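One structure is given below, encoded as structure tokens.
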Amino acid sequence: MTNEELMQKAVDVSKNSYSPYSKFPVGACILTDKGNTYVGCNFENGSLGMTICAERNAIGNAIANGERKVKAIAIYSPNQDNCTPCGACRQVLHEFCERDEELEVIVKVGEELKTYTLAQLLPESFTL
């Protein structure tokens, strides 16, 4: 699966976002170590603390299907270039990757794709 294909899945699922409060739709597509992909979009709640990010929704989808290791994630919002994960999602991604230096976080900047490692986005991550 190419980064472009992962991003297209994130773009497509962002259209299913339920974001009536923020008006900030986000889609995410993860690639697991088994080569499977899972998508998720953000969904909001009137009690904003109950909102679920697209990244955590995609990871939950993977977990529900028996997956435990994420190799890459593509994240897209039509409202913002370089839409990287929030801090909570970064920590959740850390929980489900083999090594932070290997997990690719793919975002759109204009018409180009930019790739970070999770280690770049979450230095000194919390680990038990």
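Structure notes:
- Taking Glu95, Glu124, Glu5, Glu44 and ordering them by how much accessible surface each has at a 1.4 Å probe, largest first, produces Glu124, Glu95, Glu5, Glu44.
- Reported to the nearest whole Å, the Cα centre-to-centre distance from region 90-122 to region 22-68 is 15.
- Derived scalar couplings between HN and Hα for region 42-57 equal 6, 9, 9, 9, x, 8, 3, x, 8, 5, 10, 6, 4, 5, 5, 5 Hz in order, rounded to whole Hz, by the Karplus curve 6.51 cos²θ - 1.76 cosθ + 1.60 (θ = phi - 60°), x for Gly and Pro.
- Taking region 40-78 and a reference point 7 angstrom along Cα→Cβ of Ala88, the backbone N atoms nearer than 16 Å belong to 41-61.
- Available extension along the chain between Ala119 and Asn79 is 11.9 nm, counting 0.36 nm per residue and deducting the alpha carbon span.
- The chain - percent relative contact order, Cα under 8 Å, separation 6 or more: 21 percent
- Per-residue Karplus couplings for region 112-125, computed as 6.51 cos²θ - 1.76 cosθ + 1.60 with θ equal to phi - 60°, are listed in order as 9, 9, 10, 10, 10, 9, 4, 4, 5, 8, 9, x, 6, 4 Hz, Gly and Pro entered as x.
- Inter-site label distance for Glu101 and Arg68 at 7 Å from Cα along Cβ, in nm: 2.3 nm
- For the chain: rounded, prolate or oblate by the Cα gyration tensor [a/c cutoff 1.5]: rounded
- Computed magnitude of the charge dipole of the chain (debye, nearest 20; Cβ of K, R +1, Cβ of D, E -1): 360 debye
- Rolling a 1.4 Å probe over the protein heavy atoms leaves Arg99 with an accessible area of roughly 120 Å².
- Linear extension gain, Thr2 paired with Asn16, 0.36 nm per residue minus alpha-carbon span: 2.8 nm
- Structural descriptor for region 22-66: relative contact order 35 percent, calculated from alpha carbon pairs under 8 angstrom and at least 6 residues apart.
- Dipole axis of region 48-128 (+1 Lys, Arg; -1 Asp, Glu on Cβ), positive-most option in Ala62, Met50, Cys97: Met50
- ³J(HN,Hα), Karplus 6.51/-1.76/1.60, whole Hz, each residue of region 91-105, x for Gly, Pro: 5, 5, 4, 4, 4, 10, 10, 5, 8, 4, 6, 9, 6, 8, 10
- Members of Lys15/Lys71; Lys23/Lys71; Lys23/Lys69; Lys15/Lys69; Lys71/Lys108 lying beyond 21 Å, as alpha-carbon distances in this model show: Lys15/Lys71; Lys23/Lys71; Lys23/Lys69; Lys15/Lys69
The values are calculated or read from the model by the stated rules, or taken from the named source; none is laboratory data. This one's a predicted model, so the numbers in the text were calculated from it and none came from an experiment. Because the Cβ atoms are built from the backbone with ideal geometry, glycine has one as well, and the counts that use them run over all protein chains shown. Accessible surface areas use protein heavy atoms only, side chains included; no ligands, DNA or RNA. Shrake-Rupley method; radii C 1.70, N 1.55, O 1.52, S 1.80 Å.
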